[in-house]
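**Student:** Encoded as structure tokens, here's the structure I'll be asking about.
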Amino acid sequence: MKIITLVKQVPDTWSERRLDPETGRVDRAVSEAVIDEISERAIEAALALKDADKSTTVTLLTMGPAGALDALRKGLSMGADDAVHIRDDALQGADVTITSRVIAAALLRRPWDLVIAGNESTDGRGGVLPAMLAERLGVASATGLDSFELTGGAAGGDLVGRRSADGVDEVLRLGFPSVVSITERMPDARFPNFRGILGAKKKPVEVLTAADLGLTDLHPAVSVVSVAERPPRQAGTRIIDDGSAAAALADFFASRRLI
Amino acid sequence: MTTVLVSIELTPSGDVRPGLADLVAHARSIGSPVGVVTVAPGDSASVTERLGAFGLAEVLVAESAAVGAADAEPRVRALVAAAAARNPTAVLIANTVRGRDVAARVAVRLDAGLLLDIVGLHAEGKRVVGEHSVFGGAYLTASTAGDRMTVATVREGSTGEQPSPVTASASALEIDDTTVPTAVITEATEHARRSERPELRTAERVVSGGRAVGSAEGFELVERLADALGAAVGASRAAVDAGYISQDHQVGQTGVSVSPELYIALGISGAIQHRAGMQTAKTIVAVNKDETAPIFEIADFGVVGDIFTVVPALIAEVEARR
Ligand SMILES: Cc1cc2nc3c(=O)[nH]c(=O)nc-3n(C[C@H](O)[C@H](O)[C@H](O)COP(=O)(O)OP(=O)(O)OC[C@H]3O[C@@H](n4cnc5c(N)ncnc54)[C@H](O)[C@@H]3O)c2cc1C
């Protein structure tokens, strides 16, 4: 089984996150850049399949600036085999239309059976990229999976996944090649060991530009027209419970016509 | 008036998600809404009747044997067929897990511009402009697909509007049955939900519990306060991870984003990722025994106290003042 796992580097959710007021793009300078937690889980899901069947290969793929190499190295040190880094200044500010075209083009360059992605990134939260890729590639997709297993191999086998979303539990079955996205219900990522960290430096990382992928007319379908910052919230009243807090709270509700 | 297609998401038992009201309200702000729904053969009449309650006067109904079995694809095909027939300025789809799949594929198939998780929609000349709440409401941005057709995923609960009922009329929509690779749904079960308790995404009031609640049984305390206030039940990721309550109750960065009239956080520390899902609530109340908990920085009313004494007393107060 050949697996490609999609990886995204994002501003750390623990740090201050800002948008550039002119472009509406994420201001990468103010926050620390980290591999998105959900990407780590997607890598873990791929490596778990590799643990069970040593013939499985795991390739990481990211689109991002030079610094995104750190995210790939993290995944390689966890145990992935190799990586693809799509890196091109022309892709700064790409919307999902461009991003899905670029990643689909990169996926067409090599053979694979399964693409595993996170269900949504913490900076974009769009949650549409995996299904857009599947649509562009003409393959089946199953998104938002809390768990999945393979029945049989890449030839003739199936992937069976479970999802629990928006009040419905579902079991989904699909063949290969296909694209799945996983949720944070999937297991936490393993920690890279010392050998993994050393070995990661020697693993191949293919760097590609948009031109390498034969893509030239990269005009975003969507443009940002305005960016406004909301004033931060202020703290209000705070009381220490001495037995009368419930009555004080009920008074507060009444004053705001909430009861 | 320009046409705006509104995609209808049905649960396995055929219920309409309450967030449809938000889709219809946003559609109205730029044109006239036309519903698009896919049902199993023979189910057209009953669904049309119920859609009138959401203010949809016109509905295009596609019957397909694949409904309930093939993931996303029947809805995708119905929207593509409806777009070809009606040339809409925009196609609106709920920002749910299933809705996003539909939107992703429809946008590619129609070569449309895709606006994500909109909380507002307006027209500027011929352009459709969507508004988004970014980084947990720290920013409000607006974006447009310009001259292209717009496909947008809509945040349920983003308008709070109640639709005025109309009588819906239906026309049949033909969709072809060409087979493309698709995931097949082999089992679908709806979560049991107390019918009188509001749905989290669209609720006007939310009561959430955190790690401090301590157990699945302990969550009953959260639920009792929610019921006393007519609120939906939410949770922190720590509470979900501990198995106190199912994941679709999670509020925050990687959970649901809510913007209710009232949000009550019980035994939740207020980590930045939790705040990202609730800090745009109109009124925030917090009960936490640690006076330095960050949740107090954004609470309109904070009680430093033990949830196991404050909450039962509060339920009694609320019930007594009814
Ligand atoms: C990428 C990423 C995404 C995340 N997404 C989310 C998300 O979507 N939603 C989310 O909630 N978190 C999210 N988190 C996790 C977040 O960082 C916190 O770990 C989580 O919100 C903590 O939950 P909590 O407040 O219930 O638990 P804790 O932080 O452990 O807080 C428990 C609180 O209860 C108080 N307490 C204890 N006992 C009592 C008592 N008897 N009475 C009153 N108060 C009491 C304590 O003082 C404490 O403040 C995310 C983290 C990451 C890295």
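The values are calculated or read from the model by the stated rules, or taken from the named source; none is laboratory data. Nothing here was measured: the structure is a model prediction, and the numbers come from that model. Backbone-built Cβ (ideal geometry, glycine too); neighbour counts: all protein chains shown.
**Student:** Looking at the stretch B:179-196, is at least one residue within 24 Å of residue B:308 (Cβ to Cβ) and within 19 Å of the chain's Cα centre (by Cα)?
**Tutor:** Taking every residue of the stretch B:179-196 in turn, at least one turns out to be within 24 Å of residue B:308 (Cβ to Cβ) and within 19 Å of the chain's Cα centre (by Cα).
**Student:** Can you tell me which residue is nearest to residue B:262 (Cα to Cα) among those in the stretch B:275-300 that are more than 15 Å from the ligand (Cβ to nearest atom) and facing chain A (nearest Cβ under 8 Å)?
**Tutor:** B:283
**Student:** Just give me the residues in the stretch A:198-234 being in a loop (DSSP other than H, G, I, E, B), within 13 Å of chain B (Cβ to nearest Cβ) and surrounded by 15 or more Cβ atoms within 10 Å (Cβ to Cβ), in sequence order.
**Tutor:** A:220, A:221, A:222, A:230, A:233 - these are the residues of the stretch A:198-234 that are in a loop (DSSP other than H, G, I, E, B), within 13 Å of chain B (Cβ to nearest Cβ) and surrounded by 15 or more Cβ atoms within 10 Å (Cβ to Cβ).
**Student:** Taking the conditions exactly as written (under 30 Å from residue A:158 (Cβ atoms), of a type in the set (Val, Ile, Thr) and within 12 Å of chain A (Cβ to nearest Cβ)), does residue B:175 satisfy them or not?
**Tutor:** Criteria not met by residue B:175.
**Student:** While we're looking at this one, here's another question. So which strands (runs of 3 or more DSSP E) are wholly in the stretch B:135-212 and hold at least 2 residues that are modelled with pLDDT of 95 or more and buried (at least 16 other Cβ atoms within 10 Å of the Cβ)?
**Tutor:** B:139-144, B:150-154, B:184-190, B:205-209
**Student:** Let me ask something additional. Test residue B:109 against the criterion of being surrounded by fewer than 21 Cβ atoms within 10 Å (Cβ to Cβ), within 11 Å of another protein chain (Cβ to nearest Cβ) and of a type outside the set (Phe, Trp, Tyr), and give yes or no.
**Tutor:** Yes: the conditions hold for residue B:109.
**Student:** Any idea which of B:248, B:227 is within 13 Å of the ligand (Cβ to nearest atom) and not assigned by TED's automatic domain parsing to the domain that holds residue B:154?
**Tutor:** B:248
**Student:** Here is a further query. For residue A:157, are the conditions met, namely being within 13 Å of another protein chain (Cβ to nearest Cβ) and among the small types (Gly, Ala, Ser)?
**Tutor:** In short, no.
**Student:** I would also like to ask the following. From B:237, B:205, B:211, grab the single residue that is within 12 Å of the ligand (Cβ to nearest atom), among the basic types (Lys, Arg) and within 20 Å of residue B:302 (Cα to Cα).
**Tutor:** After ruling out the rest, the residue left standing is B:211.
**Student:** Exactly one of (1) more than 16 Å from the ligand (Cβ to nearest atom); (2) not assigned by TED's automatic domain parsing to the domain that holds residue B:77 is unmet by residue B:165. Its number?
**Tutor:** Against the list (1) more than 16 Å from the ligand (Cβ to nearest atom); (2) not assigned by TED's automatic domain parsing to the domain that holds residue B:77, residue B:165 comes up short only on (2).
**Student:** A further question on this structure: What do you reckon, is residue B:34 out of contact with any Leu (no Cβ under 9 Å at 6 or more places or on another chain) and in the same structural domain as residue B:128 (by TED's automatic domain parsing)?
**Tutor:** Considered against the rule, which asks whether it is out of contact with any Leu (no Cβ under 9 Å at 6 or more places or on another chain) and in the same structural domain as residue B:128 (by TED's automatic domain parsing), residue B:34 comes out as no.
**Student:** Kindly evaluate residue A:88 against the criterion of being away from chain B (no Cβ under 14 Å), surrounded by fewer than 18 Cβ atoms within 10 Å (Cβ to Cβ), closer than 23 Å to residue A:209 by Cα and modelled with pLDDT of 95 or more.
**Tutor:** Taking the combined requirement at face value, the residue does not satisfy it.
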